Each structure stands twice: as structure tokens, then as C-alpha cells.
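Comments concern the structure below.
The values are calculated or read from the model by the stated rules, or taken from the named source; none is laboratory data. Just so it is clear, the model here is predicted, and its values are computed rather than measured. Because the Cβ atoms are built from the backbone with ideal geometry, glycine has one as well, and the counts that use them run over all protein chains shown.
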Amino acid sequence: MQRFDNKVILITGASSGIGAATAKRLASEGAKIFGVGRNIDDLAITQQAIEQSDGVASMQPADISVAHNCRDVVAQCIEHYGRLDVLINCAGGHVFRALHEVTDELWLQDLAVNLGSAFYLSQAAIPQLLETGGNIVNIGSLASVQGQAYSATYCSAKHGIIGLTKALALEFINQNIRINAVCPGGTNTPQIAKVGMPENADFDLIMRTAGVRGMSEAEDIAAVIAFIASDDAKAIHGSVYMADQGKTIG
């Protein structure tokens, strides 16, 4: 299916994991990808994979925990392709930390990466998305809807993603834009190997967030994001889609 022919999609976190898988999936359906991430080498790998499959992609390294960088990448995307149809706020990071390990700097950094970037990118992109009748897909987490031990900063930010999604969806309910969120559960990505654990962590608490069906693959989540971002989902606005292998059933 070519659901994204002639559509320009800006996606953060495009250097690896769900972001990279989503960039490849959308490019395979005809999208022109503007990928953003911190690691220029990993971005190049994503771009190469897209172009080897005859897709179109441009990559921009940027630290989107900084507000003006968020505004810059939106402007660069529009300058490069001449338009913007979809914004996918996929960038994020999670490291398990005990409460006493969370410094002022870590608190602010985690909020900036996981929540602030989605706010500033949306603020910059919405004027253009209103012109193109586009949409925003914010990527939350299982931590957007339930607590996780040793994850106070991450849970706070990811709960905020749902609040941001719903607030913007209501603010623009009478205008030509859709704003939704997708919340993955545990997913096999390179990030999993980097989360770390606090000293003397209680693994029984950590395993309370594990689902009986196990982990998803990044490509599974990319498929859900592709649906929500496409015109197939034109009736969906202000919604939060759980892609968590049933973990939040009850």
C-alpha cells in the first residue's frame, strides 16, 4: 500500500529502535522522510536502508532536548521538502534510577527529552500541519498509563505525553488536524540494553510491568504508528492507542 505518496513526515528518534523502524515502514509506503536523531552514524544507517529500498529520506542530527533545536528542525524539514504532513514524536530515553539518584539536572533532562521535545516540535509544526490537513502521532509508553518502579522521571514525562495529546486535540478539535498517541509496551530495541538498574533494585517490582505475551518488535509498533498516521485513521482524533501486548487489560 502507498498510503503516504507525496507526504512529508518528520520523525524524531529515527536513528534506532521504533523511530528507525517507523521511518523505514513509512518510506516503504511512499513517504518522504525527514529523520532527526542525535547519532549521525545511526541516522546514516537508517537513511541508507530507506534509499536501498528506493525510498526518499533526509536526516538531520539534532539535540531536541533544546527548544530552539526543535523549531530549527521543523523549519529545515519544510525548507528541504516544501511542506510537512505528519509529525511523529518518537524520540525518548529511559534509565531506571532510584529516587535518591535523580538529580535536578537528570530530572530536567528527562522531561526535556521525553516531553519537552514533543511540545516544542508540535508548537512549531502545527501551523504547517493546519495548512496540509496533517496529523501528529506522539509516542508514549506503558509508563504513560501506569507506574513503574525506579522510573519517576520517565513516568512523569510519559504521563505528560497523554496530557499533551489530549489538550492539543481538544484545542484544535474544530480545525483540520488530527493529534493522537501510540503507547508501546516492552519492545526489543537497542535502548533496552542501556536502561541499567539501580544498586539493590527489587526485580519483583520491575517485573510487575512485564506482560505475559512478552516483548514486541520495533516493526510491530511501526505498523500501528503507520495506521494512526494514515488517512485510514481519519476518524481517530485525541485517542491513545495501547500497543502493549495486552499488559493493561487488567
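Pick from the stretch 84-108 the residues that are in contact with a helix residue (DSSP H, G or I) (Cβ under 8 Å, 6 or more places away or on another chain) and not in a loop (DSSP other than H, G, I, E, B): which of them is surrounded by the fewest Cβ atoms within 10 Å (Cβ to Cβ)? Even if it seems obvious, please write down each step before you answer.
Kept after step one, since they are in contact with a helix residue (DSSP H, G or I) (Cβ under 8 Å, 6 or more places away or on another chain), are these residues of the stretch 84-108: 84-97, 99, 102, 106-107.
With not in a loop (DSSP other than H, G, I, E, B) added as a condition, the list becomes 86-89, 99, 106-107.
Values: 86: 24, 87: 29, 88: 32, 89: 30, 99: 10, 106: 13, 107: 15.
Among residues in the stretch 84-108 that are in contact with a helix residue (DSSP H, G or I) (Cβ under 8 Å, 6 or more places away or on another chain) and not in a loop (DSSP other than H, G, I, E, B), the one surrounded by the fewest Cβ atoms within 10 Å (Cβ to Cβ) is 99.
Might you let me know whether the stretch 198-209 holds any residue that is loosely packed, with under 14 Cβ neighbours inside 10 Å and aliphatic (A, V, I, L, M)? Can you show your working first?
Taking the stretch 198-209 as the starting set, the residues that turn out to be loosely packed, with under 14 Cβ neighbours inside 10 Å are 199-200, 202-205, 207-208.
When the remaining residues are screened for being aliphatic (A, V, I, L, M), the result is 205, 207.
Looking for residues that are loosely packed, with under 14 Cβ neighbours inside 10 Å and aliphatic (A, V, I, L, M), one finds at least one in the stretch 198-209, hence yes.
Considering each residue of the stretch 232-250, count those that are among the β-branched types (Val, Ile, Thr), modelled with pLDDT under 90 and more than 20 Å from residue 160 (Cβ to Cβ), and give that number.
Step one: list which residues in the stretch 232-250 are among the β-branched types (Val, Ile, Thr), which gives 236, 240, 248-249.
Among the residues that remain, those that are also modelled with pLDDT under 90 are: 248-249.
After this cut, where a residue has to be more than 20 Å from residue 160 (Cβ to Cβ) as well, the list is 249.
Final tally of qualifying residues: 1.
So residue 135 passes all but one of these: (1) without any contact (Cβ under 8 Å) to a residue 40 or more places away in the chain; (2) touching an Asp or Glu at 6+ places or on another chain (Cβ under 9 Å). Which condition number does it fail?
It is condition (1) that residue 135 fails.
Those residues that are farther than 24 Å from residue 197 by Cβ and more than 16 Å from the chain's Cα centre (by Cα), I need them from the stretch 152-167; list them, please.
The one that is farther than 24 Å from residue 197 by Cβ and more than 16 Å from the chain's Cα centre (by Cα): 167.
What are the pairs, 6+ residues apart or on separate chains, where a residue within the stretch 22-34 that is more than 16 Å from residue 139 (Cβ to Cβ) has its Cβ under 7 Å from a residue that is among the aromatic types (Phe, Trp, Tyr)?
Pairs found: 29/4; 30/4; 31/4; 32/81; 34/81.
What helices (runs of 4 or more DSSP H) completely inside the stretch 1-83 contain at least 1 residues that are under 21 Å from residue 192 (Cβ atoms) and under 19 Å from the mean Cα position of the chain (by Cα)?
17-28, 40-52
Does residue 85 count as of a type outside the set (Gly, Ala, Ser) and either within 22 Å of residue 3 (Cα to Cα) or touching a residue at least 24 places away in the same chain (Cβ under 8 Å) (or both)? Step through it out loud before you land on a result.
Values: of a type outside the set (Gly, Ala, Ser): yes; either within 22 Å of residue 3 (Cα to Cα) or touching a residue at least 24 places away in the same chain (Cβ under 8 Å) (or both): yes.
Taking the combined requirement at face value, the residue satisfies it.
Identify, from the list 170, 142, 115, 129, the residue that is farther than 15 Å from residue 13 by Cβ and free of Cβ contacts under 8 Å to residues at least 60 places away in the same chain.
The match here is 129.
Return the only residue of 166, 158 being over 23 Å from residue 232 (Cα atoms) and charged (D, E, K, R). Full working, then the answer.
Numbers: 166 fails: over 23 Å from residue 232 (Cα atoms).
The match here is 158.
Across the stretch 198-231, what is the number of residues that are outside any helix (DSSP H, G or I) and at pLDDT 95 or above?
In the first step, residues of the stretch 198-231 are kept if they are outside any helix (DSSP H, G or I); the result is 198-202, 210-217, 230.
With the extra rule that they be at pLDDT 95 or above, the set shrinks to 230.
So the answer is 1.
Out of everything in the stretch 18-49 that is of a type in the set (Val, Ile, Thr) and buried (at least 24 other Cβ atoms within 10 Å of the Cβ), what residue ends up being farthest from residue 220 (Cα to Cα)? If you could, list the steps in order and put the result at the bottom.
Pass one, the stretch 18-49, residues of a type in the set (Val, Ile, Thr): 18, 22, 33, 36, 40, 45-46.
In the following step, the residues that additionally are buried (at least 24 other Cβ atoms within 10 Å of the Cβ) were identified as 18, 22, 33, 36, 46.
Numbers: 18: 9, 22: 9, 33: 19, 36: 21, 46: 17 Å.
Within the stretch 18-49, the match that is farthest from residue 220 (Cα to Cα) is 36.
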